[in-house]
Amino acid sequence: MDKMRRETWWQRHRPTTRRLVQVYSALLYNAHLKGFVTGEIYRGPAKALCVPGLNCYSCPGAVAACPLGALQNALASTGHRAGWYVLGILLLCGVMLGRTVCSWLCPLGWLQELLHKLPTPKLRKSAVTRALTWLKYIVLAVFVIALPLWYGLAQDMPLPAFCKYICPAGTLEGAMGLLPTHRDFFGMLGVLFTQKYVIMLVVGLACVFCYRSFCRFLCPLGAIYGLFNRFSVVGVRVDPNRCSQCGACVRHCEMDIRSVGDRECIHCGKCMAHCSQGAISLQAGKLTLMAPELPGKETAPEAHRKQKALGRALWGAALAVLCFALLWFNVLDPASAKETEPRWESDAPVGWEVGQQLEDFTADCLDSSVFHLAEHRGEVVFINLWATWCTPCVHELPFFDVLAREKADAAVLAIHSALVTDDPAAYLADKGYTIPFATDTEDERLFRLVNGSATLPQTIVLNRSGEVVYNQVGSVTIEALEALYDTAAAEP
Amino acid sequence: MAWRKAYRVLFAVLLTALTVLLCAGAIRIWQEGAVRRAEDPLAAVYTPELVEAQLLRVRPLLWSVAVMAAAGPLLGVHGGDSDRSRAEKDSMPVRVPSAKNIHAVRLVLLAAAAVFIVLGALNGSLRDVLLKAINICTECIGLG
């Protein structure tokens, strides 16, 4: 009690080293801060790198890729190309860090811990929570591996099932991050959004009552890293010569561990404070990163000073990296500077908004024909922006084909994004579509004409006079296309 | 102390009620929107106005939860203790992992990771990651 009184407010409330590292990594992963204001995601080369933690790459602030999203897309593309890169990254992070990522480097882990600090009664760990930890392996097997593989191989349709149906990070950072600056996105919200929004709220509530509920029971990335926990270079280690097998570490741990360092251990190091023998330390190989100080076994003053100096130097370097990242991703990076210029104002006249006349253009189609917009005056024209790597795009392509077959006075052109992963011609070879397909030019000339962006799919409808009657990002149904046709055909 | 326990329980009830109302609000918007969309396929299910109206309805609860969340730590009410398992039988003796062969396994896995990353850079899967990350798949983030 006396000790409590002597401590200042700051000494009692100052953040731990782990908390600082969590904040630091969340900031570093999302260093593109201006994206939250402009609503534009970062599109520079740094996004080829995967961060170790769960951080949605559609978040306006994200400057790197999410390993789990990348893994699902790699598995979905297995029929075309093996995803060696993502497997290598996951293996590297797993062997180097294991589940240290979960407790130190995952923004979602940090958020879960903050939610758990809210003043409510808490659910203790038990045999039930222990059994529920296996759920994340089922999620991993079904939503991250089986469904993307099945849809990719059997149906040639990329489906990142965990991202689409479950991931609360995607809903929170991606959807919620983009909606405030893209009010036009509201038009595409429906059952999928409702489902993911409810999942996000339920997961958030669960985290308030039960420590790291998502991390313990659902997170497939934690499940993957858990497999490497025994081999990871960085992690909490127990000195067998000091351990008295009292089990205090396991009893006090909030995760469902059976022993320190097992698949559920996130190497947070909280158990160090409960070990009366000082047997537990956080180590990187043979280097001790954190260790408890036992009475009578304090570090020598000289070594203590050296440790502190090293710590300060490391934090200084880390802060310098963060400052540089903030400066680079918000100001200096050419990719970041480019997005501040309106994509469509530079070389295309205003003409893509509803009520305006679309500028005439020609497009070289994959079947060697040429689509000339002016030649389709008097017809209702549907322009669909798509890509082979976009699930809703490939899902809705048949609708456009059906429409073109059914409506004699409807012209359809499907324009593939300039970003090509799989050869569109090869992809379309066995699909039997009759509509013309074109691929956008390197400078994205066709996309710019209709205000196309990195957000796909997009549908543009012109009436018989060539005026835009609809220009909207998001999936469409056959019923919506027919209604659009009726609207456009009724206009002069 | 009893009042702290009561504070926690009250906060838990309010927070749960808020979550249930937010979920119910979203489901209601979707249900009503689905009916509109059945009549007009181009009708929007969600609109900023509908969302704002739903948020307005739960505003008193939202403020109560926010104030209680902020006031709790100031009044010395923190989250209940959850860092002990319910029963002693849940805890198991500490198993000290064997260091035998761990170094060899690490080296093999690290070498494999390096090979995979180089292979990925060569076969184009690195570029695939970039292309997916710089484009927004609206369905993948739950927008639709």
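The values are calculated or read from the model by the stated rules, or taken from the named source; none is laboratory data. Small disclaimer: the values here were computed from a predicted structure and weren't measured. Every residue, glycine among them, receives a Cβ derived from its backbone with ideal geometry; neighbour counts consider all protein chains shown.
Some notes on this structure:
Here is a yes/no grid of residues against (1) within 14 Å of chain B (Cβ to nearest Cβ); (2) of a type in the set (Ser, Thr, Tyr); (3) in contact (Cβ under 8 Å) with a residue 40 or more places away in the chain:
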{"site": "A:GLY109", "(1), (2), (3)": "no, no, yes"}
{"site": "A:LEU114", "(1), (2), (3)": "yes, no, no"}
{"site": "A:THR133", "(1), (2), (3)": "yes, yes, yes"}
{"site": "A:LEU153", "(1), (2), (3)": "no, no, yes"}
{"site": "A:TYR165", "(1), (2), (3)": "yes, yes, no"}
{"site": "A:ASP184", "(1), (2), (3)": "yes, no, yes"}
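- Residue in the range A:86-96 that is assigned by TED's automatic domain parsing to the domain that holds A:ALA169 and in a loop (DSSP other than H, G, I, E, B) present: no
- Counting only strands (runs of 3 or more DSSP E) that sit completely within the range A:353-424, those holding 2 or more residues that are crowded, with 23+ Cβ neighbours inside 10 Å and free of Cβ contacts under 8 Å to residues at least 40 places away in the same chain correspond to A:410-416.
- Selected residue (criterion: farthest from A:GLY94 (Cα to Cα)) from residues of the range A:250-276 that are of a type in the set (A, V, I, L, M) and out of contact with any Cys (no Cβ under 6 Å at 6 or more places or on another chain): A:ALA273
- Scanning the range A:236-246 finds no residues that are under 13 Å from A:SER103 (Cβ atoms) and not β-branched (Val, Ile, Thr).
- Scanning the range A:189-244 for residues that are more than 7 Å from chain B (Cβ to nearest Cβ), over 19 Å from A:LEU111 (Cα atoms) and β-branched (Val, Ile, Thr) yields A:ILE224, A:VAL234, A:VAL236.
Every residue, every condition in (1) within 12 Å of the chain's Cα centre (by Cα); (2) more than 7 Å from every other protein chain (Cβ to nearest Cβ), yes or no:
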position: A:ALA26; (1), (2): no, yes
position: A:PHE36; (1), (2): no, yes
position: A:GLU40; (1), (2): no, yes
position: A:VAL51; (1), (2): yes, yes
position: A:TYR57; (1), (2): yes, no
position: A:PRO67; (1), (2): yes, yes
position: A:THR78; (1), (2): no, yes
position: A:CYS93; (1), (2): no, yes
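- Scanning the range A:245-261 for residues that are of a type in the set (Gly, Ala, Ser) and either in contact with an Asp or Glu (Cβ under 8 Å, 6 or more places away or on another chain) or more than 7 Å from every other protein chain (Cβ to nearest Cβ) (or both) returns a single hit, A:ALA248.
- One residue from A:LEU462, A:LEU484, A:LEU449, A:LEU456 being within 19 Å of B:ARG37 (Cβ to Cβ), out of contact with any Ser or Thr (no Cβ under 6 Å at 6 or more places or on another chain), touching a residue at least 24 places away in the same chain (Cβ under 8 Å) and not hydroxyl-bearing (Ser, Thr, Tyr): A:LEU484
Conditions (1) more than 10 Å from chain B (Cβ to nearest Cβ); (2) out of contact with any Lys or Arg (no Cβ under 6 Å at 6 or more places or on another chain); (3) under 26 Å from A:GLY355 (Cβ atoms), marked per residue:
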{"site": "A:LEU428", "(1), (2), (3)": "yes, yes, no"}
{"site": "A:GLU444", "(1), (2), (3)": "yes, yes, yes"}
{"site": "A:PRO457", "(1), (2), (3)": "no, yes, yes"}
{"site": "A:VAL461", "(1), (2), (3)": "yes, yes, yes"}
{"site": "A:VAL468", "(1), (2), (3)": "yes, yes, yes"}
{"site": "A:ASN471", "(1), (2), (3)": "yes, yes, yes"}
{"site": "A:ALA480", "(1), (2), (3)": "no, yes, yes"}
{"site": "A:ALA490", "(1), (2), (3)": "yes, yes, yes"}
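- Note on the range A:402-423: residues that are modelled with pLDDT under 85, among the hydrophobic types (A, V, I, L, M, F, W, C) and under 34 Å from the mean Cα position of the chain (by Cα) amount to 2.
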